[in-house]
Amino acid sequence: MSAVESTDVLVIGSGFGGAIAAYHLAAGGARVVVLERGPWLEAGDFDHDFKLGASYTRIFDFTIGDGMSVLSGNCVGGGSVVYFATMPRAPRFVFERQGSLGRRMWPAAIDRDRLDPWYDRVSQALPVTQQSWEKIPYGGGLWAAACDHAGRTANPAPSAVDVSLCTNCNWMAAGCKFDAKRSLLLNYLPGATAHGAQIRPLHEVQKLTRNDDGGYRVHYRIVDDEDYRVLHDAGAIDAKIVILAAGTAATPVILQRSEDDLGPMPYAVGRYFSGNGERLNNAVFDDDKVREVLGLSRPGGAAYEAYQIGRGPTVASWDKLDGSLPEFERYSLEQLYFPPGLGTILAQAPGVDGPAWYGVPKKELLQQWKSWLTIFTMSEDDNEGVFGPPPPTGNANRFSQQMLGHSSLQYRPTANTLRGWALSDADVKDILERDGLAKVAPWTNDLVGAYTVHPLASCRIGDDPRTSALDDGHELRGHPGIFVTDGSAVPGALTVNPALTISALAERAMPGIVEAARRRGVPVQYTGSLPSDVTPARAPALPRA
C-alpha cells in the first residue's frame, strides 16, 4: 500500500451528486479529490459501435440482482454521460407521497416550491431548455400523433441537449461525440478542476474507516482499464468530509462494507430501494397504417421506419401525472429509443402465447426493428428493494471483462407496484393498437427480473430515523461528516426522469455541507456560483499496476 494521502474533502463518484459537490467545495477553497470507478472518456473517445471495448461497454455498469437489474453509468461524469438528457421537474404530488409508510416519505423541509429555486440553478448551469415541436425527431412525432389519435395529450420534454449541435444519430447512450448532450464533462466537472479539484478515474472505493481525529480514511483499489474484474494497487486518502455519490447501486454497498470499522449503519442503508417504477413496452408499427390513419409520411414515402433516428426521449404523455388519482396509479409514458443489445434481447414478440423473447416469432420481430417504438413507463413503486451482504470488492461480483456483474439486490414487486405497471401497460396498448397502428408487448422480466435505468432511495433522506438513512441535510445518521448526494438519497419514485431532481437536491444540500466542513476545520466558503465559460478538462494518464 502506498503512503496515505490527505485532502479536505473526498468525493466518491463523479455523476450529478458528486460533480456538483466537487464544484462547490473546490470553488469555495477546499482541497477536493474525486475518486471515480470508471474510465475518463471525452467526446473523441465515444464510439458508434457496440463491440467489446468500445465506449458502449466501457461506460455502463449493468448489475443483475434477484428480481431487479440496474443499468447505470461507469465513467467520469457518471450517469450524465450515458443518459438521454431528459430533464423534467418532479410533479408536486411526488413530495406528498406516503408509499406504504402511511405518512409523508419526504422530509418536511422539502416540497416542490422549496426545491424550485434549486431546479432553476441546475437548469441554468447545464443548461436545460424546452424542446420545440419543430425540432422533435421522427420517433417523438409518431408517439405524439398516436397520443392525439387516441384523445390523449403529449408534450415535448425539457432537455439538456444543444439541438443546434445534435445530428440525431441516436448514439448518445454511448456518449455524445458532438458535445451536444450537456453532460457533466462540460460544466460542473471542468468547473471543479478549474478550482483545483483532482479527478482520478479507475479508482474503486472499497470502504471507509474512522481516524482518531474524527475524520475518515477512504480505501480504494485501482481498476484495470481493460478488464474491470482485475484490481491493482490499493491506496487510501484521509479526509475531513466524505461525500458518497457512487450511485444508488454502489453507495449503500460501500457503507455496508464499512460497518465493521465505522460501527452500526442506519437501518435504512441498503433498504427501500426504488426502481422508479420503470417498465418498457415495445410496439411494432404497421407502416401502411401510420400513413393511412395518422397521415404521416417521410421523404421518399416511408411512413416511419425511423427507429434509430433521433436522440432518445423527446416526447412524453403526462395525462396520468394527476395528483387527484390514487397513489400507485400515477405514471408518465415517454417515447424512448433503446439501443440494440439489452433492448433487443428483452423485447418480446407481441401476440405470442408463452415465452416470446426467443424463437421464430422473436426472429421475425427483429427483422422489423426499423418500425419499432419503445414506450417507457415511470410509475410509483413501493420501495421494495433490499441489498444483501456486500461482495468482497466493488458493488457486484463481476463475471465479464466489462459492464456485467451479479449484485446482492433483492426485489419482489408488491401488489401496489404491479398495479401501476398493469395500468400503464393497458394505456400503452390502448393508445398504440387503435385502428391497427401497432402491436404492443412489454419487455420480458424472465431473464433479469425487473429493470431500471434510474435507481433511487437506497440511502434516502427523511425525518424518521427508522426509515431514512440521512437527515434532510443529506448527512448519514450517526456518522457526522459523511454525506450522500446521489440518487440513493431521493426518498422514492418520481414518476419522471430523476436527473434534474437528484441535481437540485445536491445543489440544495451544498450550503449545509460547506458549513459542516467549516465546523470540521476546512477553510471553505459557499460562494453560490455556477460553472460558466469552462473548457472540458483533459483526462490524465491512466494509472497502471
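At-a-glance table
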item	result
Selection status of Ala396, within 22 Å of the chain's Cα centre (by Cα), at pLDDT below 95 and farther than 20 Å from Tyr83 by Cβ	no
Qualifying positions in region 464-516 - small (Gly, Ala, Ser), part of a loop (DSSP other than H, G, I, E, B) and open to solvent by 10 Å² or more (accessible area, probe 1.4 Å)	Gly473, Gly478
Test result for Arg104, open to solvent by 30 Å² or more (accessible area, probe 1.4 Å), among the basic types (Lys, Arg), part of a helix (DSSP H, G or I) and touching a Lys or Arg at 6+ places or on another chain (Cβ under 9 Å)	no
Leading residue by the ranking (farthest from Asp61 (Cα to Cα)) among those in region 302-346 that are at pLDDT below 95 and part of a strand (DSSP E or B)	Gly310
Subset of region 33-51 (residues that are more than 21 Å from the chain's Cα centre (by Cα) and closer than 12 Å to Leu189 by Cα)	Val33
Residues located in region 245-263, provided they are assigned to a loop (DSSP other than H, G, I, E, B) and under 27 Å from the mean Cα position of the chain (by Cα)	Ala245, Ala246, Gly247, Thr248, Ala249, Ala250
Residues (over 28 Å from Ser100 (Cβ atoms) and open to solvent by less than 60 Å² (accessible area, probe 1.4 Å)) located in region 396-429	Arg398, Ser400, Gln402, Met403, Leu404, Gly405
Set Val269, Val242: member being more than 23 Å from Pro536 (Cα to Cα), assigned to a loop (DSSP other than H, G, I, E, B), touching a strand residue (DSSP E or B) at 6+ places or on another chain (Cβ under 9 Å) and touching a residue at least 40 places away in the same chain (Cβ under 8 Å)	Val269
Index of the failed condition, Thr314 passing every other in (1) in contact with a Gly (Cβ under 6 Å, 6 or more places away or on another chain); (2) within 20 Å of Glu380 (Cα to Cα); (3) of a type in the set (Ser, Thr, Tyr)	(2)
Residue tally, condition closer than 18 Å to Phe178 by Cα and surrounded by 16 or more Cβ atoms within 10 Å (Cβ to Cβ), over region 37-52	7
Number of positions in region 379-395 that are open to solvent by less than 50 Å² (accessible area, probe 1.4 Å) and either in a strand (DSSP E or B) or over 17 Å from Asp61 (Cβ atoms) (or both)	9
Considering residues of region 90-101 that are assigned to a loop (DSSP other than H, G, I, E, B) and open to solvent by 70 Å² or more (accessible area, probe 1.4 Å) only, the residue farthest from Tyr331 (Cα to Cα)	Ser100
Verdict on Ile199 being in contact with a Phe, Trp or Tyr (Cβ under 9 Å, 6 or more places away or on another chain), at negative phi and of a type in the set (A, V, I, L, M)	yes
Residue list for region 63-78, filter: farther than 12 Å from Gly175 by Cβ, open to solvent by 10 Å² or more (accessible area, probe 1.4 Å) and not acidic (Asp, Glu)	Ile64, Gly65, Gly67, Leu71, Ser72
Number of positions in region 16-36 that are closer than 28 Å to Tyr451 by Cβ and either without any contact (Cβ under 8 Å) to a residue 12 or more places away in the chain or open to solvent by 10 Å² or more (accessible area, probe 1.4 Å) (or both)	2
Output for region 29-64, where each listed residue is of a type in the set (Val, Ile, Thr) and out of contact with any strand residue (DSSP E or B) (no Cβ under 6 Å at 6 or more places or on another chain)	Thr57, Ile59
Count - residues of region 79-89 that are open to solvent by less than 10 Å² (accessible area, probe 1.4 Å) and hydroxyl-bearing (Ser, Thr, Tyr)	2
Looking only at region 207-229, and only at residues there that are without any contact (Cβ under 8 Å) to a residue 60 or more places away in the chain and either assigned to a loop (DSSP other than H, G, I, E, B) or in contact with a helix residue (DSSP H, G or I) (Cβ under 7 Å, 6 or more places away or on another chain) (or both), the one that is surrounded by the most Cβ atoms within 10 Å (Cβ to Cβ)	Lys207
Qualifying position, being over 19 Å from the mean Cα position of the chain (by Cα), among the aromatic types (Phe, Trp, Tyr) and either within 27 Å of Arg279 (Cβ to Cβ) or open to solvent by 30 Å² or more (accessible area, probe 1.4 Å) (or both), among Tyr451, Tyr526	Tyr526
Sole exception among (1) closer than 30 Å to Gly102 by Cα; (2) out of contact with any Leu (no Cβ under 8 Å at 6 or more places or on another chain); (3) assigned to a loop (DSSP other than H, G, I, E, B); (4) open to solvent by 20 Å² or more (accessible area, probe 1.4 Å) for Ser297, by number	(1)
His474 within 16 Å of Ser274 (Cβ to Cβ), of a type outside the set (Ser, Thr, Tyr) and in contact (Cβ under 8 Å) with a residue 24 or more places away in the chain	no
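The values are calculated or read from the model by the stated rules, or taken from the named source; none is laboratory data. All figures in this text were calculated on a predicted structure; none of them were measured in a lab. So basically every Cβ, Gly included, is an ideal-geometry build from the backbone, and we count neighbours across all protein chains shown. We work out accessible area using only protein heavy atoms, side chains counted, and drop any ligands, DNA or RNA first. Shrake-Rupley method; radii C 1.70, N 1.55, O 1.52, S 1.80 Å.
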